[in-house]
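A.B. asks: Supplied in structure tokens, the structure appears directly below.
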Amino acid sequence: MNPQDRRCFLKTAALSAAGLALSHVIEPSNARGAGGPGFVTTNDGYKFRYEEAGSGKPLVCIPGWSQTAAQFKQQLTGLSDRYRVIAVDMRGHGESDKPAHGYSIARLSKDVHDLLADLSLADVTLMGHSMGCSVIWSYWELFGSERLAKLVLVDQMPFITANPAWSAEEKEASGALFDPNSLYTNINALAGPDGVKTTEGFIGAMFTPAYPKDEVAWVVKQNLKLPREYAARLLYDHATRDWRRIIPRINVPTLVVGGKTSLVPWKSQVWIANQIRGSRLEIFEESEGGNHFMFMENPQKFNRIVRDFMS
């Protein structure tokens, strides 16, 4: 190769390398979506698994107490034509690491923060189901709207355990399921030798009678991937957190979804929507799969609502 050809070759190679580097810089990170499972590592050193599908604006799905990313399978397939859908296995849940500590709502919200940072996500629509809403409210308390564009809050009351001194109006707004005595009864049953049986009773009440029994059994199997001792510890923390002063501070567009026959009283979802200025409210009727897992029972309607909200 003569000197002139060599200079031409080196110039062309340099321009090609620069173009490749620039393409990585300007490619929107939120638009990428490799698909399938992935892992991030939390700041205290544990692997946190997620499922991913599609590309575009990110929708990050946080499951409820003892639930898994797999339960968002209809959202991973049904919304990934337009969005980058990411569903997570929280610490101890599903296929994520199961350390002996960290089973609190605040720690789980920090894990979500670690995930968003590790994947360089911004303008995220964060969707929580059940306890996933509490994780979002804790995230809001700790990090505000950092990396967030919108919220989807699916069927979680503001406070699970009622104060015996509350008025009837306060009880209705909170949507409480437990009083202090019943809380400890259920926590002890979960952590004890009847933990699996107690779990089956919990989950069975969360679906309409029309939902197939084999699908309910699959949900129970997913639920049991979190060891019952850890599940009891987490439920106690979850059930003793009062979010009624955090919820009115939310100032991003929010969709609130409830079920008419859910164990979460639907009027508590009305209260939440009334506290967040400009929020949207959708209550599924029983005939529409309107129990606690409406996103599994009626994914067509649920996905349509989420799609419209994100658009």
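The values are calculated or read from the model by the stated rules, or taken from the named source; none is laboratory data. These figures come from a predicted structure and were not determined experimentally. Cβ coordinates were reconstructed from backbone atoms using ideal geometry, including for glycine residues, and neighbour counts include every protein chain displayed. These area figures cover heavy atoms from the full protein model, side chains too; ligands, DNA and RNA do not enter into them. Shrake-Rupley method; radii C 1.70, N 1.55, O 1.52, S 1.80 Å.
A.B. asks: What are the pairs with Cβ atoms under 6 angstrom where one residue, in the stretch 107-120, is under 21 Å from residue 233 (Cβ atoms) and the other, located anywhere, is open to solvent by less than 40 Å² (accessible area, probe 1.4 Å) and not aliphatic (A, V, I, L, M)? Sequence gap at least six, or different chains.
C.D. replies: 109/138; 109/139; 111/42; 111/48; 111/91; 112/139; 114/42
A.B. asks: State whether the residues of the stretch 103-114 include one that is under 18 Å from residue 39 (Cα atoms) and among the hydroxyl-bearing types (Ser, Thr, Tyr).
C.D. replies: Yes, the conditions are met somewhere in the stretch 103-114.
A.B. asks: While we're looking at this one, here's another question. Test of understanding: among 54, 33, which residue is at pLDDT below 95 and over 30 Å from residue 160 (Cβ atoms)?
C.D. replies: Only one candidate passes the filter, namely 33.
A.B. asks: Now, a different point. Would you confirm whether any residue within the stretch 87-101 is in contact with a helix residue (DSSP H, G or I) (Cβ under 6 Å, 6 or more places away or on another chain), open to solvent by less than 50 Å² (accessible area, probe 1.4 Å), without any contact (Cβ under 8 Å) to a residue 40 or more places away in the chain and more than 22 Å from residue 233 (Cα to Cα)?
C.D. replies: Within the stretch 87-101, one or more residues are in contact with a helix residue (DSSP H, G or I) (Cβ under 6 Å, 6 or more places away or on another chain), open to solvent by less than 50 Å² (accessible area, probe 1.4 Å), without any contact (Cβ under 8 Å) to a residue 40 or more places away in the chain and more than 22 Å from residue 233 (Cα to Cα).
A.B. asks: Here's another thing I want to ask about it. For the stretch 93-112, what are the residues that are over 16 Å from the mean Cα position of the chain (by Cα) and under 15 Å from residue 58 (Cβ atoms)?
C.D. replies: Across the stretch 93-112, there are no qualifying residues.
A.B. asks: Could you please find all residues in the stretch 55-64 being part of a loop (DSSP other than H, G, I, E, B), of a type outside the set (Gly, Ala, Ser) and open to solvent by less than 20 Å² (accessible area, probe 1.4 Å)?
C.D. replies: Hit for the stretch 55-64 is 63, nothing else.
A.B. asks: Looking only at residues that are within 13 Å of the chain's Cα centre (by Cα) and open to solvent by 10 Å² or more (accessible area, probe 1.4 Å) in the stretch 113-149, which one is nearest to residue 303 (Cα to Cα)?
C.D. replies: That would be 130.
A.B. asks: Which residue out of 198, 208 is at pLDDT below 95 and of a type in the set (S, T, N, Q)?
C.D. replies: Of the residues listed, the single one that is at pLDDT below 95 and of a type in the set (S, T, N, Q) is 198.
A.B. asks: What helices (runs of 4 or more DSSP H) lie completely within the stretch 169-288 and have 3 or more residues being open to solvent by less than 60 Å² (accessible area, probe 1.4 Å) and more than 23 Å from residue 93 (Cβ to Cβ)?
C.D. replies: By residue number, 266-275.
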